[in-house]
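See structure below.
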Amino acid sequence: MSKIPKSSFTRSFVMLNGLGNLGFARWVFQPGMEFEVLDTWWKESGSRVTPHEGLDFCCFEDRNGKLVNLVAKSIVPAMYAGTVVSIFKDLLGSSILVAHDFLEKGRRLYSIYAHTSAFKTIQTGTLVKAGEAIAMICAVENKSILPHLHLSVIWAEESAIANLDWQTMHLANGVILCNPLDFLE
């Protein structure tokens, strides 16, 4: 696929949540949180039915090497400017699907922010700016699952988007799952 400019998602996330004051140094992805893995991280052992569709942002390392967990209500920024295409339920909250103005070979770039609670101003059709606050990480009742943001990036044909959800994502024709890390600074 073509060269897409790197997103300032991390910089925006750190700024919106004051993580610089906590000494944010880098994201940490525990086993099971990475793109395309089959392992789970929220239970002792087990595997996913399909490979992981993105990344789970759950914790970061501070300048002293200490691991710090994200908290519920952490603010989620948009990766790139775009239009909210849909908001749909997921296992822990809601997922926000945003279409971006990057096109290639009949596909558009989309980002998906899962396990969130969208702000009231964010609805289908809303235009968002890169780095704009669009949601908060939702609280979880299951104490074995830490509050986290699931971020997916896909190239998709318009026809594949209409009924896209977590059950159909791996089966949808015209959808290419991407590693979100490839798009971040």
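Tell me which of these Glu34 doesn't satisfy, since it passes every other one: (1) in a loop (DSSP other than H, G, I, E, B); (2) free of Cβ contacts under 8 Å to residues at least 24 places away in the same chain; (3) surrounded by fewer than 16 Cβ atoms within 10 Å (Cβ to Cβ).
The single condition Glu34 does not satisfy is (3).
Hand me the list of strands (runs of 3 or more DSSP E) wholly inside the range 63-177 holding 3 or more residues that are under 23 Å from Trp27 (Cβ atoms).
Where strands (runs of 3 or more DSSP E) fall fully within the range 63-177 and carry at least 3 residues being under 23 Å from Trp27 (Cβ atoms), they are 67-69, 75-77, 94-104, 107-118, 133-137, 149-156.
Find the residue count for the range 14-50, including only residues that are out of contact with any strand residue (DSSP E or B) (no Cβ under 7 Å at 6 or more places or on another chain) and under 16 Å from Leu181 (Cα atoms).
3
Quick one: which of Val85, Val28, Val71, Val76 is surrounded by fewer than 16 Cβ atoms within 10 Å (Cβ to Cβ), within 23 Å of Ser7 (Cα to Cα), of a type in the set (A, V, I, L, M) and touching a residue at least 60 places away in the same chain (Cβ under 8 Å)?
Val71
Would you call Met15 of a type outside the set (Phe, Trp, Tyr) and farther than 18 Å from Leu55 by Cβ?
yes
Can you find even one residue in the range 46-58 that is of a type in the set (Val, Ile, Thr), outside any strand (DSSP E or B) and free of Cβ contacts under 8 Å to residues at least 60 places away in the same chain?
Checked against the condition, which is being of a type in the set (Val, Ile, Thr), outside any strand (DSSP E or B) and free of Cβ contacts under 8 Å to residues at least 60 places away in the same chain, the range 46-58 yields at least one hit.
Table: residues versus (1) under 14 Å from His150 (Cβ atoms); (2) modelled with pLDDT under 95.
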site	(1), (2)
Trp27	yes, no
Trp42	yes, yes
Ser45	no, yes
Phe60	no, no
Lys66	no, no
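Go through (1) touching a Lys or Arg at 6+ places or on another chain (Cβ under 6 Å); (2) farther than 16 Å from Ser86 by Cβ and name the single condition Leu171 misses.
Evaluating Leu171 over (1) touching a Lys or Arg at 6+ places or on another chain (Cβ under 6 Å); (2) farther than 16 Å from Ser86 by Cβ leaves (1) as the failure.
Quickly run through the range 18-41 and pick out the residues that are touching a Gly at 6+ places or on another chain (Cβ under 7 Å) and farther than 8 Å from His52 by Cα.
The answer is Asp39, Thr40, Trp41.
Going by the conditions given, is Phe13 outside any loop (DSSP other than H, G, I, E, B) and either crowded, with 19+ Cβ neighbours inside 10 Å or modelled with pLDDT under 95 (or both)?
Spelling it out, Phe13 is indeed outside any loop (DSSP other than H, G, I, E, B) and either crowded, with 19+ Cβ neighbours inside 10 Å or modelled with pLDDT under 95 (or both).
The values are calculated or read from the model by the stated rules, or taken from the named source; none is laboratory data. Predicted model only: the values in this text are computed from it and were never measured. Reconstructed Cβ throughout: ideal geometry from the backbone, glycine too, with neighbour counts over all protein chains shown.
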